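Notes follow the structure.
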């Protein structure tokens, strides 16, 4: 019998793009699987909403009630039924790149007790982690390019939620779960969660196809404890005070982030739809947002070559678009595209993260983009004259993603004319504006923080034959990707016969020593390459990115 009882309605909701003049082509990119956390996120459509909020509104998740099951434990995913269901989804969705696997929480909560010795606790965590690693090995075997993301869990809130209904604590549906663990306090339970998460993180660090972003204290950070905690340690703390990612382990996730059922009782472990979205969006911004980019993405250059210019000639280093008191403001962004393949692009997009909005949103109007190979005006610096300049191509972008709140990302899909005219010179510069719009200015994050910087995403489309042919071979793990220079090949050096680095045109640009599984590509220009590895077992190929 499953140890955690949960209630959910797995309703699926439609997904619409608010910018009717443009149509997105959706792609299933993530398989969602696991326990009740997966089941709730499936029903709430959390991943779709979160991906939209980081600009990838055309990227979707896929799941079903067999692989996202309330109360599931690791043993369930070692069985044939769930493994067959996952393999079927992988086979039916060739565009899928990731499995978002939420599992392990029920195993720990169901078996641990505060009276365990450290050795007993370590043994329990080790056994659960071992089963999780076996599940991950299966997920990786479903297709050679599949990556696995383990999301972990936020801190639970058993004690506060259950004690607030005294003297009727035993009537709470989760009382037996808490009582079977010996009624642990927050620090005891959160320490177990953090220790288990650390063991999975260590495994992820050693495997380039496994990823984990610590986020246990995310809800503490974004919500705060605005009302005094009803049990020890008591007290309050404001939103954005708890340090990321672990917050305050002596506190729970705030009670307001727990799921409320028909106004009758509050959950102790499962989150509200809004809190699940907060949790996932934090991880999506730190991982999926860049992982789901295409062949090459570049961050804007920042400094004097990014900013904005107004119709009155005012220049600012803030990235702003809109109208302020009758003055039109246009953003200027510069990207280094020297690593770009000199070929016609299949698609290209600019991602912008909303920092602030005054008045109405200019993103609800037509957004004009002008492009120059090199720069506008007399130099790459933002200049007053830039506002009136014409580009080598210009047009109205398709606007997707979300501009609903600060921290959300909009995506501007560029026109076919721009794709045809963009070349791999040192840089490309854009001027982005909302002509005719009045009544508001939106400010976007600049390049000072790489996680929030404007992004230019490039998609080459079908690859040249010389590159696509070698990518059909059996894959050997290579990490880290992206890299600034050092790469490790996941096979013993004595098994290597040859190693070659090819550009995306299929030309060999580097031939490291064959018997060394650590190579240095720091002398190569920034960009995308293919690493062709010949071993005693055959040929493997891996796309790599040099930063």
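Throughout, read-outs are computed from the coordinates displayed, never taken from laboratory work. Quick caveat: nothing in here was measured; it's all calculated off a predicted structure. Cβ: placed from backbone, ideal geometry, glycine included. Neighbour counts: every protein chain shown.
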Between residue 498 and residue 343, the two model label points (7 Å from Cα along the beta-carbon direction) sit apart by a distance in nm of 2.2 nm
The simple spin-label model distance between residue 25 and residue 304, using points 7 Å out along Cα→Cβ, in nm, is 4.2 nm
Extent of region 64-122 along each principal axis, from alpha carbon coordinates, in Å, largest to smallest? 47, 20, 17
With no solvent term and unit scatterers on the alpha-carbon positions of region 27-291, Debye gives log₁₀ I(q)/I(0) at q = 0.14, 0.15 Å⁻¹ of -0.97, -1.12
Length released on extending from residue 390 to residue 516, taking residue separation times 0.36 nm less the Cα-Cα span: 40.2 nm
Residue-averaged [θ]222 nm for the chain, counting only DSSP H segments that reach four residues, each worth -39500 (n - 2.57): -6500 deg cm²/dmol
Relative contact order %, region 27-291, counting alpha carbon pairs below 8 Å whose residues are six or more apart: 20 percent
Rounded to whole Å and sorted largest first, list the principal axis extents of the Cα atoms in region 142-231. 55, 29, 20
By average Cβ neighbour count within 10 Å, what is the ranking of 186-192, 295-301 from highest down? 295-301, 186-192
Mean Cα-pair separation over length for the chain, i.e. relative contact order, pairs under 8 Å, 6 or more apart, %: 12 percent
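Is the shape of region 320-408 best called rounded, prolate or oblate, per the rule: a/c under 1.5 gives rounded, else a/b larger than b/c gives prolate, else oblate, with a ≥ b ≥ c the square roots of the Cα gyration tensor eigenvalues? Working shown, then result.
Details: a/c = 1.98, a/b = 1.29, b/c = 1.53.
It comes out oblate by the Cα gyration axes.
Given a cut-off of under 8 Å on Cα pairs at least six residues apart, what relative contact order in percent is computed for region 245-359? Don't skip to the end; give the middle numbers.
Details: 100 pairs, mean separation 17.3, N = 115.
Across region 245-359, relative contact order equals 15 percent.
Rounded to the nearest 0.05, what FRET efficiency do residue 141 and residue 163 have when you use their Cβ-Cβ distance and R0 = 41 Å?
Numbers: r = 46 Å, r/R0 = 1.12.
That gives a FRET efficiency of 0.35.
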Rounded to two decimal places and with Rh computed the Kirkwood way over Cα pairs, what is Rg over Rh for region 276-350? 1.08
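Can you give the Kirkwood hydrodynamic radius of region 160-205 from its Cα pairs, in Å with one decimal?
Numbers: mean 1/r = 0.0818 Å⁻¹.
Across region 160-205, the inverse of the average 1/r is 12.2 Å.
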Rounded to whole angstrom, the alpha-carbon centroid of region 117-190 lies from that of region 59-77 at a distance of 16 Å
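Per Stokes-Einstein, at 10 °C and 1.306 mPa s, what whole-number D in µm² s⁻¹ belongs to region 224-276, with the Kirkwood radius over Cα pairs as the hydrodynamic radius? Provide the component values of the computation, followed by the final result.
Details: Rh = 12.0 Å.
The diffusion coefficient I find is 132 µm²/s.
When averaged across all projection directions, what area in nm² does the alpha-carbon convex hull of region 296-459 cover? Provide the component values of the computation, followed by the final result.
Working: hull surface 32.5 nm².
For region 296-459, averaging the hull's shadow over all directions gives 8.1 nm².
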